[in-house]
Amino acid sequence: MTQRNFLLYLMFAVVLTCSCGNEDSDEPVPYPPTPPVETGRTVLVYQVANRNGLSNNSVADINEMRHAAKAGDIGRDGRLVVYNHRNNTVPMLLEIKPDGVDTLKTYDTSVSSASSTRMQEVLADINIYAPARQYGLILWGHGSGWLQDGREDLATADRSFGGDNGQWMNVSTLARVLSQGPAMSFLYFDCCYMASIEVAYELGTTVPLIAASAMEIAAEGMPYQHTVKHFFSDSESFLTDAAAATFDYYNEWRRTGSRPECSPSTFSSRYCTMSVYDTSGLGELAQATRRIYGQSATPYPAGMTPTAYGRGEHALNYFDFRQYVRDLCLDNAGNERYPGAAADLADFDDALAHTVLYKADMGYVFGTTRSIPSHCGLTTYILANPSDNSTKNYNTLTWYADIASALL
């Protein structure tokens, strides 16, 4: 049985039995005997699905990608590559093609998929197996935004991307990995809570365009059968188009009440937010924010009721960025909290408009009946008290050092 046929058999077996109990060999697949031809764009989907509740979802999304590839959505000058690590399998580097799936390489399990070591290895491998003039990256798994654990690598709590059998990657570690790998033309977070100013600022020098969600997203994640074509489009708005396709999918799901290709079949409060931002605008936005933070008499002014995007353990971690800045500048009656605050807010709004290219929301926080009165496309953490700077190691972030520390 060829590797391609074996993989197809494995995937169909997983879908039919709703389990991932097959074991693969730990023997690595050798490098290709002949160098692959360079293409226009290679998109890597980095799936962390090992013992984190998302294993079957990773297979479902690969099947969605196969559907898109069969429809011709990758085009003639693109390559769609998936790093997949799910339950009871060795990690695999796969290529999704119109006629099926090829296994490019297998990896051992001695290194966590949430580690910088493994991600660096995979990023280096796409240069070998799928060289291109341009690369894009989709990070697939669990996300918790800016949360840090203070370690250089392999966080032991929900910080900040991955969730590989209980292991995570800090966003500061992610920034380092991306700065050392092949240049990415975009980064799409197919995971929760990553549309924060703290994450954007940490990654701002590593990638020009980022798409993310301000709050939780459903385990079904991105509908790849609708978005793959945008990742290989020549349109300048390709990433905005992909984010909008994701939002429209969930919005239509809500409108009709069910989506046959999703599981479960009912919408059940799967509210969606999506945003896209241009990181070249972050410098201007940071300067405007620091000016306001430095003028504020308190980081938590009287009468402020911030819009929270988290729930449960994340209820106090993510708040609407623009609403918070507005409340630092103006009171509830619209009066300036300090001289010149209105002009500072206008400068902030200009910078925000240059940074956030797209934003959309359904008006409610995921999994709740709590409304969203404000959604600017980015969230932030609020330092209610000086001691809050050490909460979840917030003070290890570049945003804190450069900007938020001005509040204290």
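Some notes on this structure:
- Enumeration of residues in region 375-405 that are farther than 18 Å from ARG290 by Cα, open to solvent by 30 Å² or more (accessible area, probe 1.4 Å) and not charged (D, E, K, R): SER387, SER390, THR391, ASN393
- Any hit, region 244-255, residues being crowded, with 23+ Cβ neighbours inside 10 Å and either under 14 Å from the mean Cα position of the chain (by Cα) or over 17 Å from GLY141 (Cα atoms) (or both): yes
- Among all residues of region 268-275, there is at least one that is within 30 Å of GLY221 (Cα to Cα) and free of Cβ contacts under 8 Å to residues at least 24 places away in the same chain.
- Count of region 54-65 residues, restricted to those that are surrounded by fewer than 23 Cβ atoms within 10 Å (Cβ to Cβ) and either in a loop (DSSP other than H, G, I, E, B) or of a type in the set (D, E, K, R) (or both), is 1.
- Single unsatisfied condition, PHE247 versus (1) at pLDDT 95 or above; (2) in a loop (DSSP other than H, G, I, E, B): (2)
- Filter result (aliphatic (A, V, I, L, M) and crowded, with 21+ Cβ neighbours inside 10 Å) within region 356-371: VAL356, VAL365
- Filtered residue count, region 46-60, keeping only those that are touching an Asp or Glu at 6+ places or on another chain (Cβ under 8 Å) and within 13 Å of LEU94 (Cβ to Cβ): 1
- Helices (runs of 4 or more DSSP H) (entirely within region 273-355) containing at least 2 residues that are surrounded by fewer than 16 Cβ atoms within 10 Å (Cβ to Cβ) and at pLDDT 95 or above: 282-295, 341-355
- Listed by first and then second residue, the pairs linking a residue in region 36-53 that is open to solvent by less than 30 Å² (accessible area, probe 1.4 Å) to a residue that is of a type in the set (D, E, K, R) and assigned to a strand (DSSP E or B), with Cβ atoms under 7 Å apart and 6 or more places separating them unless they lie on different chains, are THR39/ARG79; GLY40/ARG133; THR42/ARG79; VAL48/ASP164; ALA49/ARG86; ASN50/ARG86; ASN50/ASP164; ASN52/ASP164.
The values are calculated or read from the model by the stated rules, or taken from the named source; none is laboratory data. Worth saying up front: this structure is predicted, and the values here are computed from it rather than measured. Counting neighbours? That spans all protein chains shown, and the Cβs are built from the backbone with ideal geometry, glycine included. Side chains are part of the model used for accessible areas, which takes the heavy atoms of the whole protein and leaves out ligands, DNA and RNA. Shrake-Rupley method; radii C 1.70, N 1.55, O 1.52, S 1.80 Å.
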